[in-house]
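The values are calculated or read from the model by the stated rules, or taken from the named source; none is laboratory data. Note that this is a predicted model, so its numbers are computed, not measured. Don't worry about glycine lacking a Cβ; one is built from the backbone with ideal geometry, like all the others, and counts go over all protein chains shown. These area figures cover heavy atoms from the full protein model, side chains too; ligands, DNA and RNA do not enter into them. Shrake-Rupley method; radii C 1.70, N 1.55, O 1.52, S 1.80 Å.
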Amino acid sequence: MASSDFDGILLGMGNPLLDVSAVVDQEFLNKYDIKLNNAILAEDKHLPMYDEMSEKFTVEYIAGGATQNSIKVAQWMLQITGATSYMGSIGKDKYGEAMKKDATAAGVNVHYHEDESAGTGTCGVCVVGGERSLIANLSAANCYKVEHLKKPENWALVEKAKFYYIAGFFLTVSPESIQLVREHAAANNKVFTMNLSAPFICEFFKDVQVKCLPYMDYVFGNETEARTFSRVHGWETDDVEQIAIKISQLPKATGTYKRTTVITQGADPVVVAEDGKVKKYPVIPLPKEKLVDTNGAGDAFVGGFLSQLVHGKAIEECVRAGCYASNVMIQRSGCTYPEKPDFN
């Protein structure tokens, strides 16, 4: 394919958040009732933690948000400017400006809604022993409205794209926008992909998630999310391979593509289910001393995977690219990467 064929091929929609990332201590986690390897929405009790992090610890500010991370990584892997687009809501403030600068420099075509009434969303990334916990204060990200999507210049991105990726977190913000995109994808034989994203999405946003499932051609998630999904749906199994198969066999809105379930398990093999069968792919081993932090590892995996999917590559190549991207990411702080990928 010529590089012009890749123009706007992949579109992501989600909650753009500025990561406020720091290595913290157990005392800090206890104080704010934070569990490692989890992702939650900030409650009132969490709001003072962002300032406290910057006072007590060395903080880095990195443009993030699950979907935006994946899209940036896909863009980095593709190395074709403008191959990816992204929509979400930011505030009219210095964080929003930093976000725009960062994403544009990464080569992503961003069309943000800029909200006058709320500040750019932030995500506290608390790292202890390389493991991370995410506490998201959505703020402006929560203000995305379907009207923005319907504007001709934004809907044009939907029409141009052939692949869509939306993290489950966006279900809490604009299910109407997701509905328009998934229905467009189904009507035009395009590929629609989503992520389970967090246990709380599977539990508390089950109904909106279930409405999207028939449209999902690829479902991404990790082992914790898969097990929560199984429990919420009354499947009575903790076996990740069985859960992956069951998810892949749920009803589909269109027969164009079979559904593929892709579940990552940290250092354990990636589980891929399609056609009632499971394949497992080993990840790239990393010595403990090289692990910096796991924040963005799952997002990077999806970005790497999608970079090969849009090329029409086989599943094993997509998984290999996903494993490569997440391996690069966990050796760095936050969802950052070197100038060029070293993937062949």
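With respect to F6, is the statement that it is touching a Lys or Arg at 6+ places or on another chain (Cβ under 9 Å) and open to solvent by less than 60 Å² (accessible area, probe 1.4 Å) true?
no
Report yes if G304 is surrounded by 15 or more Cβ atoms within 10 Å (Cβ to Cβ), of a type in the set (G, A, S) and either at positive phi or in a loop (DSSP other than H, G, I, E, B) (or both), otherwise no.
no
Say we look at region 18-48 and pick out the residues that are in a strand (DSSP E or B) and either modelled with pLDDT of 95 or more or farther than 22 Å from T104 by Cβ (or both); which of these is nearest to the chain's Cα centre (by Cα)?
So, considering only residues that are in a strand (DSSP E or B) and either modelled with pLDDT of 95 or more or farther than 22 Å from T104 by Cβ (or both), the one nearest to the chain's Cα centre (by Cα) is A39.
Filter region 317-335 down to residues that are assigned to a loop (DSSP other than H, G, I, E, B) and among the small types (G, A, S) and give me whichever is surrounded by the most Cβ atoms within 10 Å (Cβ to Cβ).
Per the criteria, the residue is G334.
Among the helices (runs of 4 or more DSSP H) contained in region 49-163, which hold 2 or more residues that are among the hydroxyl-bearing types (S, T, Y) and open to solvent by 20 Å² or more (accessible area, probe 1.4 Å)?
Correct list: 49-56, 94-105.
Taking helices (runs of 4 or more DSSP H) that do not extend beyond region 193-278, which have at least 1 residues that are in contact (Cβ under 8 Å) with a residue 40 or more places away in the chain and surrounded by 15 or more Cβ atoms within 10 Å (Cβ to Cβ)?
Qualifying helices (runs of 4 or more DSSP H): 199-204, 206-212, 223-232.
Yes/no matrix, rows are residues, columns are (1) hydroxyl-bearing (S, T, Y); (2) under 19 Å from A167 (Cα atoms); (3) modelled with pLDDT of 95 or more:
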site: E203; (1), (2), (3): no, yes, yes
site: L213; (1), (2), (3): no, yes, yes
site: I245; (1), (2), (3): no, no, yes
site: T261; (1), (2), (3): yes, yes, yes
site: P269; (1), (2), (3): no, no, yes
